[in-house]
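Beneath this line is the structure, given in structure tokens, with notes to follow.
Derivation of every value follows stated rules applied to the coordinates shown; laboratory data play no part. Just so it is clear, the model here is predicted, and its values are computed rather than measured. With ideal geometry, Cβ positions are generated from the backbone for all residues, glycine too; neighbour counts draw on all protein chains shown.
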Amino acid sequence: MKILVAYATRHGATRGIAERIARTLERPGLEVTLRPVNQAGAVGEHDAFVIGGAAYMFHWLNEATSFVRRHRSILASRPVWLFSSGPLGTERVDAEGQDALEAAEPREFAELAAEILPRGQRVFFGAYDPNAKPIGVMERLTRMMPAAREALPAGDFRDWPEIEAWADGIARELQRVAVGADARA
């Protein structure tokens with residue numbers, strides 16, 4: 001079974017999550033290709049997909065959204081999982097009592113889920129380095145506003161055990177799918 005783990009990232013935190021997912025999927029012997037979405041190549045040669053993108057201002061990076069839209073017919077016919085990274089901090093519940101990860105789900109997930117019916121979707125905490133060069137207008141504007149800079153906690157908030165547990169679940173499901181496919185052959 002060939003799995004494509006494709007990602008869109010700005011500063012590398014989402015790439016790090018995709019790398020960890022790919023390594024976790026390889027452990028039980030699955031064949032994994034890891035690539036940025038804009039270098040994914042021929043997607044039709046893959047049997048399953050894990051697609052991730054960073055989220056900014058409640059939106060998935062455009063490259064990830066465009067990738068899914070462009071390949072929706074292939075993705076709809078195969079097992080797919082979507083993930084996003086972005087919220088900062090470690091508090092699962094915010095001041096209003098809302099789950100921070102659920103609240104940070106990219107708005108595009110509902111539309112994409114209706115089109116490709118992913119087997120799972122997950123939002124992971126991200127990372128923020130205030131010294132990284134800003135990319136895009138919003139990042140530049142945010143860096144210019146002292147209050148906005150102070151509101152963003154700096155650090156790496158990715159929960160590696162949670163990410164690996166999610167990827168382990170995907171691996172188990174793909175192994176069941178592969179066994180079922182072999183039984184039909």
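Quick check on segment 1-44: take the gyration tensor over C-alpha atoms, sort the square-rooted eigenvalues as a ≥ b ≥ c, and tell me if it's rounded (a/c under 1.5), prolate or oblate. Note, shape of segment 1-44 comes out oblate.
Across segment 1-124, the volume of the C-alpha convex hull divided among the residues equals 104 Å³ per residue. Between R172 and W160, residue separation times 0.36 nm minus the direct Cα-Cα distance comes to 2.5 nm.
In this structure, the amide hydrogen of S85, modeled 1.01 Å from its nitrogen in the peptide plane, lies closer than 5 angstrom to those of G53, A54, A55, F124, counting only residues at least 5 positions away or on a different chain.
Take the Cα of R72, go 7 Å toward its beta carbon, and the backbone nitrogen atoms of segment 95-135 under 14 Å from that spot belong to 108-118.
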